[in-house]
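K.L.:
Below is one structure. I have some questions about it.
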Amino acid sequence: MSTIEQFRQDTRAWLEANCPPSMRTGMAEGDVVWGSQNPQFPCEDARLWFERMRDKRWFCPEWPEEYGGAGLNEQQVAVLESEMRRIKCRPPQISLGVWMLGPVLLAYGSEQQKRDLLPPIARGEVRWCQGFSEPNAGSDLASLKMAARDAGDHFVVDGSKIWTSYGDKSDWMYALVRTDFSVPKHEGISLIVLDMRSPGVKPQPIDLISGKSAFCQVFFDAVKVPKSQLIGPLNGGWNLAKYLLQHERKAMSKFGEFSLPSHVDLPGLMREYVPAPQSRSEHALHARAATCAMNEHAYNLTVQRMGEEARAGDDISGLMAIMKYVHTEQERDKFEVLIDAMAGHALGWDSEVFSEQQMTVSRSWLNSYALTISGGSSEVQLNVIAKRVLGLSDAKKGVNP
């Protein structure tokens with residue numbers, strides 16, 4: 001038996017013994033476990049699954065052991081992921097530190113920063129949020145103005161960030177700041193990390209039409225940040241940001257795979273609300289639902305292929321940009337079909353009138369539009385795809401594109 005096949009057998013046996021049956025099902029938003037200084041668990045099985053995967057060092061299986069990972073090679077990581085998919089394991093935690101900041105620290109952080117910041121991430125002990133977008137600097141990220149002024153051994157940070165997911169619940173933030181106003185806008189940006197409990201940091205939740213407040217605007221008033229918390233070179237943050245955003249889009253593109261199983265049953269809801277199509281419009285609804293289901297299946301297969309290409313060392317940065325766009329557009333289309341099929345049954349917040357499933361569809365439909373904006377709006381993604389993937393030039397004035 002080859003070494004990798006032995007690893008597969010050992011991994012399969014460990015997962016069967018350690019992943020509770022209740023952690024092998026789809027999950028609602030309230031079931032998500034976030035890595036944090038004070039993690040919250042929806043049930044005891046979620047706690048067990050979190051602790052067992054943490055102790056196995058499989059939150060970050062490919063990270064070096066000295067930084068809290070398991071030191072697995074690419075083949076072993078592929079086996080672990082496939083075995084988790086096989087029994088439909090829930091993710092033991094969700095962490096922007098694992099998905100986004102960690103790869104940047106491994107590539108650009110100092111040795112001391114790696115030893116200080118990576119192990120707590122690998123143990124699920126810190127909840128990170130992302131401070132990139134600002135008022136008037138969303139899609140045009142390089143126009144950001146939040147300043148980090150040199151004050152000797154530290155920076156003094158003033159300004160605000162907006163659309164910061166869970167900024168009011170996070171322990172730390174990684175943020176882009178303006179460290180030089182005298183150079184072209186892409187050249188005066190730096191990446192820092194900061195403690196959200198620092199004096200002068202004030203998160204303010206933003207109410208959404210869906211009734212949730214995942215987003216915040218975070219205000220910074222003379223916040224002191226030690227220079228040891230500058231990641232990479234001073235004024236070199238733009239390249240780090242591009243590298244990080246590749247991982248953000250990869251993470252968002254995986255939401256439709258097995259990492260976050262959907263708790264909305266499209267075929268089941270179609271059978272419930274349009275059980276026997278009679279009219280042309282009902283037949284058209286079923287056809288749209290079938291198209292959504294086929295597109296989702298094709299998407300999942302492509303995500304798996306993308307993972308194989310990444311492990312083979314291929315450049316998948318362009319594909320990640322495409323996948324983020326495709327997935328968020330597909331999710332919006334799926335919920336549009338459900339809204340049309342369920343009609344008034346899908347438009348309500350009152351738990352005394354509407355079922356939990358009906359309210360979930362309503363909120364998910366509204367949130368699907370937000371997902372076409374977060375992490376890069378669909379319009380911006382199409383520009384990225386056109387320029388950086390297809391190599392198309394900008395349309396000249398007076399000339400049709």
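K.L.:
In whole Å, what are the extents of region 128-237 along the principal axes defined by its C-alpha atoms, from largest to smallest?
P.N.:
Cα spread of region 128-237 along its principal axes, largest to smallest: 42, 28, 20 Å.
K.L.:
Using a probe of 1.4 angstrom, how much of the accessible area of the chain is carbon and sulfur, in percent? If you can, show how the numbers build up before the last one.
P.N.:
On the way: 10230 of 19750 Å².
Carbon and sulfur: 52 percent of the exposed surface of the chain.
K.L.:
Relative contact order for the chain: what is it in percent, counting Cα pairs under 8 Å that are at least 6 residues apart? Can you show the working numbers first?
P.N.:
Numbers: 625 pairs, mean separation 51.2, N = 401.
Once divided by the residue count of the chain, the mean separation gives 13 percent.
K.L.:
Provide the solvent-accessible area of D158, counting protein heavy atoms only and rolling a 1.4 Å probe, rounded to the nearest 10 Å².
P.N.:
60
K.L.:
Expressed in nm to one decimal, what extension gain is obtained for the pair E111 and Q9 from 0.36 nm per residue of sequence separation less their Cα-Cα distance?
P.N.:
Values: separation 102, 0.36 × 102 = 36.72 nm, distance 3.53 nm.
Stretched out fully, the E111 to Q9 stretch lengthens by 33.2 nm.
K.L.:
So how far apart, in nm, are the two label points at S82 and S377 if each is 7 Å from Cα heading toward Cβ?
P.N.:
4.2
K.L.:
Quick one: of K114/K224; K114/K324; K227/K387, which pairs are farther than 24 Å apart, Cα to Cα? Could the numbers behind the result be given before it?
P.N.:
Details: K114/K224 21 Å; K114/K324 29 Å; K227/K387 36 Å.
Beyond 24 Å: K114/K324; K227/K387.
K.L.:
Ignoring ligands, DNA and RNA, what accessible area per residue does region 128-237 give at 1.4 Å, in Å²?
P.N.:
Values: 4860 Å² over 110 residues.
So region 128-237 comes to 44 Å² accessible per residue, rounded to a whole number.
K.L.:
Could you provide, to the nearest whole Å², the per residue accessible area of region 11-94 with probe 1.4 Å?
P.N.:
47
K.L.:
Oh, and also: Taking DSSP loops as anything outside H, G, I, E and B, show the longest stretch in the chain free of chymotrypsin sites (Phe, Trp or Tyr not before Pro) there with at most 12 other beta carbons within 10 Å.
P.N.:
Value returned for the longest uninterrupted segment is 1-180.
K.L.:
State the volume of the convex hull built on the alpha-carbon positions of region 119-187, expressed per residue in Å³ and rounded to an integer.
P.N.:
Values: hull volume 8.4 nm³, N = 69.
Each residue corresponds to 122 Å³ of Cα convex hull volume.
K.L.:
Please give the FRET efficiency for A287 paired with D153, using the beta carbon to beta carbon distance and R0 = 60 Å, rounded to the nearest 0.05. Walk me through the numbers before you get to the answer.
P.N.:
On the way: r = 65 Å, r/R0 = 1.08.
For A287 and D153, the calculated efficiency is 0.40.
K.L.:
Quick one: grab Rg to one decimal and Dmax as a whole number for region 3-94, Cα atoms only, in Å.
P.N.:
Rg and Dmax of region 3-94, Cα atoms, are 13.2, 39 Å.
K.L.:
Still on this structure, please answer the following. Based solely on C-alpha atoms, express the radius of gyration and the Dmax of region 258-389 in angstrom.
P.N.:
17.0, 53
K.L.:
Of all trypsin sites (Lys or Arg not before Pro) in region 145-246, which ones are in loop regions per DSSP and have a Cβ with at most 15 other Cβ atoms within 10 Å?
P.N.:
On the way: sites: K145, R149, K161, K169, R178, K185, R197, K212, K224, K227, K242; in loops: K145, K169, K185, R197, K212.
Taking region 145-246 and a limit of 15 other Cβ atoms within 10 Å, the loop trypsin sites (Lys or Arg not before Pro) found are K145, R197, K212.
K.L.:
Per residue, how much accessible area does region 258-389 have with a 1.4 Å probe, in Å²? The partial results should precede the final answer.
P.N.:
Values: 6840 Å² over 132 residues.
Each residue of region 258-389 exposes 52 Å² on average to a 1.4 Å probe.
K.L.:
Further, regarding this structure: Which label marks the calculated value of Rg/Rh (Cα atoms, Kirkwood Rh), given the options [x] 1.00; [y] 0.93; [z] 0.97?
P.N.:
It is the value labelled [z].
The values are calculated or read from the model by the stated rules, or taken from the named source; none is laboratory data. Since this is a predicted model, take the numbers as computed values, not measurements. No Cβ is skipped: glycine too gets one built from the backbone with ideal geometry, and neighbour counts run over all protein chains shown. The accessibility values were calculated without ligands, DNA or RNA, using every heavy atom of the protein model including side chains. Shrake-Rupley method; radii C 1.70, N 1.55, O 1.52, S 1.80 Å.
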